[in-house]
1. Counting Lys and Arg as +1 and Asp and Glu as -1, what is the net charge of the other residues whose Cβ lies under 13 Å from the Cβ of Ala59?
2. Students often check this: by mean Cβ neighbours within 10 Å, which of 18-27, 204-213 ranks highest, and how do the rest follow?
3. Using a 1.4 Å probe, what is the accessible area per residue for the stretch 130-200, in Å²?
4. Just want the answer: with Cβ charges of +1 for Lys and Arg and -1 for Asp and Glu, which residue in Gln224, Gly376, Cys163 is farthest toward the dipole's positive end in the chain?
5. Can you spot the lysines whose alpha carbon is less than 26 Å from Lys196's alpha carbon? Ignore those fewer than 8 places along the same chain.
6. Report the GluC sites (Glu not before Pro) located in the stretch 1-81 that are in a DSSP loop and have at most 10 other Cβ atoms inside 10 Å of their Cβ, or state none.
7. Highest GNM mean-square fluctuation, the chain, Cα pairs closer than 10 Å: which of Arg282, Arg65, Arg384?
8. Suppose R0 equals 25 Å; then what is the FRET efficiency for Ala66 and Ala305 from their Cβ-Cβ distance, rounded to the nearest 0.05?
Amino acid sequence: MVQVNENYLKLPGSYLFSTIGKKVSAYSAAHPDRKVIRLGIGDVTLPLVPAVIEALHSAVDEMGRAESFRGYAPDLGYEFLREIIARQDYQARGCGISADEIFISDGAKCDTGNIQEIFGPNIRIAVCDPVYPVYVDSNVMAGRTGSYDRESETWSNVIYMPCTEENQFMPGLPKETPDLIYLCFPNNPTGAAVTKPKLQEWVDYAMKIGAVILYDAAYEAYIQEDDVPHSIYECRGARSCAIEFRSFSKNAGFTGLRLGFTVVPKELKCGGVALHALWARRHGTKYNGAPYIVQRAGEAVYSPAGKAQLQEQIAYYRKNAAYIFNGLKEAGYTVSGGVNSPYIWMKTPGRMTSWEFFDYLLEKGNVVGTPGSGFGPSGERYFRLTAFGSYENTVEAVDRIKAL
Ligand code: MLT
């Protein structure tokens, strides 16, 4: 009999955002007259900026002419995009990252999920708690996480680093020794941002114990404060212990277009093996590259016009974040995040669990958020709201929450 990968059977429930999507669809079907405002999944709502649209149109035209038509993209990405990323995102900030250390892909979700494939089956991962579910679930699928305890909602072979109000949602160095450390800053879901000295501590720690940091910087564009690093490579020694993931989804509104990249420095080695070579091999074998037209759109993000237009777009979402943060605070809620991040992390009122508050808010306020417990046990009694709605809907949602 054909055997399935039984690790999949160990996964409790479905993917968090699928569960929420189903609940909201069922609610809307039962109450077609109610206007439901969705501040759950971090999905953007503003249209692509004109510089990106122009680049897309022109690349489509190129594809329609024999002399400029392109077939398969280079599997690691087009040089024009890798070069501009290396220059503007890294070299301009003093990080010595070169174009050939950048791997273009169709998004950070896939890359953060797939990267674990290049590591051995018996390594131990450490994750923040709460955490973006993809990091843990992809390791469950690979059979690395041990057994699941329904009571504590934890995996026996995962090291959890609680991020709570007491530590300002900043993980402490783990007591047990991990091999892979997943960090995401600005953080999804808590919205917390790490300072450069704090991140340097993590880099020093990883170098000391020989661990690799998987650094998810998908929300980098929302950083406003000066002491918050935009890249882990701003820290000394990070080139030899860290992989960084970036996304065009939240900084350029590409959630539907799909584009991201991963940086694997050439000197990053495990047991003498360069991870760059392994990731290149994986990419070459399993991936045919992001579409040419999308990579041209990505290039436009770095043009002077693209940058100016996107600054406005990000300012729009930041305004939403500030509105949610201040509105909830005024209403007496305990809130954090929202400053260097599009996510606002709030405590549920009374003794409500995260899912109880989800149901209550959906039914009484017709507002959708994300239950904190969906991100891990330390997220229980917390709730995440995103700033990616329209301003009008954001204002209405906050007013509805205030009126509950
Ligand atoms: C989220 O809401 O956490 C994100 O949008 C999910 C994602 O980027 O995959």
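1. Values: positive: Arg65, Arg70, Arg296; negative: Glu54, Asp61, Glu62, Glu299.
Its environment carries a net charge of -1.
2. Working: 18-27: 14.4, 204-213: 17.7.
So the order, starting with the most tightly packed, is 204-213, 18-27.
3. For the stretch 130-200, the per-residue accessible area is 40 Å².
4. Gly376
5. Hits, sequence-local ones excluded: Lys109, Lys175, Lys208, Lys250, Lys266, Lys269, Lys307, Lys319.
6. Numbers: sites: Glu6, Glu54, Glu62, Glu67, Glu79; in loops: Glu67.
Sites meeting the loop and neighbour criteria: Glu67.
7. Arg65
8. On the way: r = 30 Å, r/R0 = 1.18.
FRET efficiency, Ala66 to Ala305: 0.25.
The values are calculated or read from the model by the stated rules, or taken from the named source; none is laboratory data. Predicted model, so just to flag it, every value in this text is computed and none were measured. Note: ideal-geometry Cβ built from the backbone for every residue, glycine included; neighbour counts use all protein chains shown. Protein only, heavy atoms only, side chains kept; ligands, DNA and RNA dropped before computing areas. Shrake-Rupley method; radii C 1.70, N 1.55, O 1.52, S 1.80 Å.
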